[in-house]
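Below is one structure; the comments refer to it alone.
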There are 2 protein chains.
Amino acid sequence: MPEEESMDPMNTVTCTAPVNIAVIKYWGKRDEDLILPINSSLSVTLHQDQLKTTTTVATSRSFLEDRLWLNGKEEDINHSRLQSCLREIRRLARKRRSDGDAGLNLTGLSQRVHICSVNNFPTAAGLASSAAGFACLVYTLAQAFGVEGELSGIARQGSGSACRSMYGGFVQWIMGKDDDGKDSLAQQVEPETHWPELRILVLVASAERKLVGSTSGMQTSVQTSCLLKHRADAVVPDRMVQMINAVQKKDFTTFAELTMKDSNQFHATCLDTYPPIFYLNNVSRQVINLVHRYNAHYGKTRVAYTFDAGPNAVIFTLERHVPEFVSVVQHFFPPEINGGQFIKGLPVKDSLLPEDLVKAIGLEPMPKGISYVISTKPGPGPCVVQDPSEHLIGSNGLPKTTV
Amino acid sequence: MPEEESMDPMNTVTCTAPVNIAVIKYWGKRDEDLILPINSSLSVTLHQDQLKTTTTVATSRSFLEDRLWLNGKEEDINHSRLQSCLREIRRLARKRRSDGDAGLNLTGLSQRVHICSVNNFPTAAGLASSAAGFACLVYTLAQAFGVEGELSGIARQGSGSACRSMYGGFVQWIMGKDDDGKDSLAQQVEPETHWPELRILVLVASAERKLVGSTSGMQTSVQTSCLLKHRADAVVPDRMVQMINAVQKKDFTTFAELTMKDSNQFHATCLDTYPPIFYLNNVSRQVINLVHRYNAHYGKTRVAYTFDAGPNAVIFTLERHVPEFVSVVQHFFPPEINGGQFIKGLPVKDSLLPEDLVKAIGLEPMPKGISYVISTKPGPGPCVVQDPSEHLIGSNGLPKTTV
């Protein structure tokens, strides 16, 4: 790396991208290389005030090779899915140039990139960091290379669910039919402003390493689970229609029940996989029972859960139910004494816990089962960060902080 | 109750019946009253030396009403399924008499019955005691009333899986098609002598009360799980053919893999039920992982698990693998120190536990997760007990022991 004084000019751009949580789950690919799914899926984009990835891309003639730093640690840039994204963005940039559209950043096309990416949440929390990560990478690279337009098909090639993080609010990933995957794209169903009362609580289960990664897990499921095939072919198409309808109408009951049923069915297909895959643990099951008993007590579906390929619960509810439900969670999962803050994110008012509610739920409290709760809501898609002081790469072309 | 000296003559008969464990699972009824299933199933009858129900039926003109004692405690005889069995047996006895077949016990037809039944295993162990119980009831009543021939259709009306306990060895319950259930019967596939090397280990998980009973559980599953419907319609028919074939050929690998897949699929449909039903707990999941890692270590399917509507594991293996596998179980589920006998039933030789096997399995031991192991094998169907001293009802018409 040349010294700063001898460096050619550097073009730097920084963007952020959100995490999304699927309410109709994606599990299983029909094409491993292009990352084409066996069914459509639908997600809610979480607000970046609570959960986001930030990525800086710098280009310069002085850079001798593409390099990548994730959360302060240099990583191998030759990861095939990362290379897919880089290749596709450069291809689009070349195409744009050959089409005669002279963008500002076209000089960077032949230049190497330095990429630096950080999450504002612990990777170990088991949140879908790859979706936010690849969405942010593709969005930032597109800015750096002056590429515009549909980018979800490129993000999809980094990590399937990353395509849904390219939009805010309520997003569907249409599975598509083409062999080349050109029609397997994300699309916004409703923006983040559509349903202002909707709230999301991420219940972070006490750390436990994922035994089976989702890439290999879904491969085994596709190969061995006959229930998964039936789900993809015969169950999900109807559910997508119902879910889009529920979102558009802001019909919480239908939204919540479909969300829970679809989470359960996804985990059912994991259990039908051979050998079976377990992502739910005792804490997850306690959350599931708690939610059903909470709703049963009120005779209404006030709260819904969903679980991805890990034990963390993501809870959907309406703003007015948040304080009470959080106090229920605190009661049945007593936090560590003298531990850090139990509720992070959007402030949650204190709430009295009715004695009859506690009795009606009637579960044995599970101390320390949940480390903390992130309180958030639907949020926007990827954004460009305007303030240059927030670039993660310094004027010497290297990350400002490393571990 | 009249005193003994003034009692009319009493006719007493005692029989025993076995527990069975399904390897193709029954879950879901198409008719709740007749107990007609949505799919066929297949089970192995466990040996009565280890697990059995014993039932004595006494008839006498002196008895004023039908009465029932279960495990020493008087129970309500008006339970509708019990009444179905009593009614059906009496109907067959009348039919036999009107057909002119003068049996020995026909005098008892108008008489009331006293029924006394005990299990030689703790009900709390969560073993399918209702199957053995109803099989034994129907078989013993048939003896008392001089009824012969096909009885599994009557046992089925007591408890679905009881029909399979009417035969020894390997038994299928053919779902049938008729609305009146006449063709929904059990049938022996192979007798208990067919596969002498086959061994069965019941791993009794530390007591945990069943949250959802199987009757209401399967009702909810039929109403809410679209995966269950697909399983019954499209998956089980092929599996029945494959399983019967594997049993007939004594093909352990196919038998074992189908057994595990079918257990997992049954529990998957429970999870796809709304609200979801969980029967597997942490101990069950540890057993599942242990079995897969054990088999993976040898590159062969030596051992299979299956779970009914509870956390107990039933293990199938061949005689030569029993000692080592039991020592694996003891290693990963260290029994309570100074507790009772860990291995009950058929004797199991001590076995050295290879260090590389322990490493290959690599699970965290779960102390006291399993209370004890019952070592058994396939066994015969219901039997008449000849020795009058074993009658559970004394000459006064009452149970010899009560609690």
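Could you check how many residues of segment A:155-185 are closer than 11 Å to residue A:138 by Cα and basic (Lys, Arg)? Selection size over segment A:155-185: 1. On the given criteria, is residue A:351 out of contact with any Lys or Arg (no Cβ under 9 Å at 6 or more places or on another chain), small (Gly, Ala, Ser) and crowded, with 17+ Cβ neighbours inside 10 Å? No; evaluated as a whole, the condition is false for this residue.
Kindly provide the set of residues from segment A:31-58 that are hydroxyl-bearing (Ser, Thr, Tyr) and either modelled with pLDDT under 95 or in a loop (DSSP other than H, G, I, E, B) (or both), ordered by number. Reasoning before the result, please.
Narrowing segment A:31-58 to residues hydroxyl-bearing (Ser, Thr, Tyr): A:40-41, A:43, A:45, A:53-56.
Matches in segment A:31-58: A:40 only.
Just one residue in the set A:20, A:11, A:39, A:78 is of a type in the set (S, T, N, Q) and touching a Phe, Trp or Tyr at 6+ places or on another chain (Cβ under 8 Å); that residue is A:39.
Rundown of residues vs (1) at pLDDT below 95; (2) surrounded by fewer than 21 Cβ atoms within 10 Å (Cβ to Cβ), yes/no style:
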| residue | (1), (2) |
| --- | --- |
| B:123 | yes, yes |
| B:129 | yes, no |
| B:140 | no, no |
| B:155 | no, no |
| B:158 | no, no |
| B:163 | no, no |
| B:166 | no, no |
| B:171 | no, no |
| B:175 | no, no |
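Residues being touching a helix residue (DSSP H, G or I) at 6+ places or on another chain (Cβ under 6 Å) and over 21 Å from residue A:233 (Cβ atoms) are represented in segment B:206-220 by at least one member. Checked against (1) among the hydroxyl-bearing types (Ser, Thr, Tyr); (2) buried (at least 24 other Cβ atoms within 10 Å of the Cβ); (3) out of contact with any helix residue (DSSP H, G or I) (no Cβ under 6 Å at 6 or more places or on another chain), residue A:193 passes all but condition (2). Which ones in segment A:63-89 are part of a loop (DSSP other than H, G, I, E, B), out of contact with any Lys or Arg (no Cβ under 9 Å at 6 or more places or on another chain) and either of a type in the set (Val, Ile, Thr) or not assigned by TED's automatic domain parsing to the domain that holds residue A:119 (or both)? None - no residue of segment A:63-89 is part of a loop (DSSP other than H, G, I, E, B), out of contact with any Lys or Arg (no Cβ under 9 Å at 6 or more places or on another chain) and either of a type in the set (Val, Ile, Thr) or not assigned by TED's automatic domain parsing to the domain that holds residue A:119 (or both), so the list stays empty. Consider residue B:251 carefully, then state whether it is among the acidic types (Asp, Glu) and without any contact (Cβ under 8 Å) to a residue 40 or more places away in the chain. Yes, satisfied. Would it be correct to say that residue B:347 is within 13 Å of residue B:370 (Cα to Cα) and of a type outside the set (A, V, I, L, M)? When the stated conditions are applied, residue B:347 does not pass them.
Have a look at B:351, B:327, B:263 and point out the one that is among the small types (Gly, Ala, Ser), outside any strand (DSSP E or B) and within 14 Å of another protein chain (Cβ to nearest Cβ). Please lay out each step first, then the result.
Working: B:351 fails: within 14 Å of another protein chain (Cβ to nearest Cβ); B:327 fails: within 14 Å of another protein chain (Cβ to nearest Cβ).
It is B:263.
Among the criteria (1) buried (at least 20 other Cβ atoms within 10 Å of the Cβ); (2) within 9 Å of chain B (Cβ to nearest Cβ); (3) over 27 Å from residue B:294 (Cα atoms), the one residue A:252 does not fulfil is (2).
Within segment B:270-286, the set of residues being part of a helix (DSSP H, G or I) and more than 7 Å from chain A (Cβ to nearest Cβ) comprises B:270, B:283, B:284, B:286.
Within the bounds of segment B:235-249, is there any residue that is away from every other protein chain (no Cβ under 12 Å), outside any helix (DSSP H, G or I) and of a type in the set (Lys, Arg)? Checked against the condition, which is being away from every other protein chain (no Cβ under 12 Å), outside any helix (DSSP H, G or I) and of a type in the set (Lys, Arg), segment B:235-249 yields no hits at all.
Would you mind finding the one in B:379, B:394 that is touching a Lys or Arg at 6+ places or on another chain (Cβ under 9 Å) and more than 30 Å from residue B:60 (Cα to Cα)?
Selected residue: B:379, the only one of B:379, B:394 that is touching a Lys or Arg at 6+ places or on another chain (Cβ under 9 Å) and more than 30 Å from residue B:60 (Cα to Cα).
Please work out which residue is nearest to the other protein chains (Cβ to nearest Cβ), limiting yourself to segment B:287-324 and to residues that are over 29 Å from residue B:213 (Cβ atoms) and in a loop (DSSP other than H, G, I, E, B). Among them, the one singled out is B:301.
Out of curiosity, is residue A:97 modelled with pLDDT of 90 or more and in the same structural domain as residue A:162 (by TED's automatic domain parsing)? Spelling it out, it is not the case that residue A:97 is modelled with pLDDT of 90 or more and in the same structural domain as residue A:162 (by TED's automatic domain parsing).
The values are calculated or read from the model by the stated rules, or taken from the named source; none is laboratory data. Note that the structure is a prediction, hence the values are computed from the model and not measured. Don't worry about glycine lacking a Cβ; one is built from the backbone with ideal geometry, like all the others, and counts go over all protein chains shown.
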